[in-house]
Amino acid sequence: MSLVSGSTATLQKSNRFSTSPSTRTETVCSSSRHQKIRMQAPLEQGSMTAHHLASQGIESVDDWNARLAQRTAEKEETNRIVLSPDTPGEDKMHAQCKYIFKYRKTMFSCPHCWLLPGLCLCSRLAKVTTQCKMVVHVHFLEWGKASNTGSVIGVAVNDCEVLMKGLKEHDVRMKELFQDKSVTTAVLWPGDNSITPSELKKIAEERSEGRIAVIAVDATWGNALRMKTSYPPDTLYVKLTPESAIISEQQRSLLAPVRKYRGDYENNARVSTLEAVASLLYELEGSNETRQALLGNLKMKVDTCLIQKNRNTVYGTLTAEDFLQKKVEAVVMCS
Ligand SMILES: [Zn+2]
């Protein structure tokens, strides 16, 4: 639920994933196939310039071919593990997550903001300091998507961890976070069984001298429900109140130009992770400056996604020309 949501197409894809090993293979392969098709023609025609290669984070055609060969080999090894009837389910999930963690949706995309290197936003996003610790818990189908907003929180918030469900080392880290008694941890989640931000603050005062950690689940609603089953039974859940800005002021998600949304926050959490987190932080900490900075980052992410898709921007935060001067710097920073 990018506390969230996600398109119907994504949800259907995730359902296929859970029932058929063969479609897992297809999905793991598909992004590399599209990437290869998109890049292969100009490579074979010899029309790709050094500048174009640099914008993709590639030093030369040989570099491109070497990295593609490495990724293909790792993809085949991942498929072998996933398709083997002898592999335990947990190991299949880990192998798949490990591959996606390393290569994301698009080869050479920035490992932090998940945009193409030439469009990397990391140095442009406004940085904010929060009293809360932030954790973004990401479903593997969401990991590496250019339009994802949890990745923006990871870059913008000073104390934020971005963890993938199913990657073993990240699962261990999630357990550590839930067991840490020095901080009161709550999952951002709508519903009647969730407490309000003011109730969370009271509990945190009693338990951990006011220290709070917030976990934002970044997945489609269906996948978020499945991820929730992995949390300890005594987990605290915190929701946005009806007075929250995201519910009372905004008519639709700012992410709508690049994601399909049907519904609202109160009924099925259909609002981007970043918007939900910005509202919760505002309710917990009261800084409108932080909220506006995070929403400004979201608009920048949407505009950049549209540029990446060769579409017109909608918020006027950036233009394709803005990136031309920054391409090489961005490549250096991402590598
Ligand atoms: Zn970046």
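A few points about this structure:
- Here's the list of aspartates and glutamates a cross-link from K201 could span, going by alpha-carbon distance under 12 Å and ignoring same-chain residues fewer than 8 apart: E209, E283, E285.
- Remark: for residue pairs K175/K239; K127/K168; K105/K181, the C-alpha separation exceeds 27 Å in K127/K168; K105/K181.
- Vicinal HN-Hα couplings computed from phi for the range 118-132 (Karplus, 6.51 cos²θ - 1.76 cosθ + 1.60; Hz; Gly/Pro x): x, 10, 3, 9, 3, 7, 9, 5, 5, 9, 10, 10, 10, 6, 6
- Per-residue Karplus couplings for the range 300-315, computed as 6.51 cos²θ - 1.76 cosθ + 1.60 with θ equal to phi - 60°, are listed in order as 5, 5, 4, 4, 5, 4, 5, 4, 4, 8, 6, 10, 6, 6, 10, 9 Hz, Gly and Pro entered as x.
- Nearest-0.05 FRET efficiency for S198 and K228, computed from C-beta distance (R0 25 Å): 0.60
- Extension gain from R67 to D322, taking 0.36 nm per residue of separation minus the Cα-Cα distance: 88.9 nm
Taken together, the values in this text are just the output of simple stated rules run on the coordinates, not laboratory data. Just so we're clear, the structure is a prediction, and the values are computed from it rather than from any experiment. Neighbour counts are summed over all protein chains in view; Cβ atoms, including those assigned to glycine, are modelled from backbone coordinates with ideal geometry.
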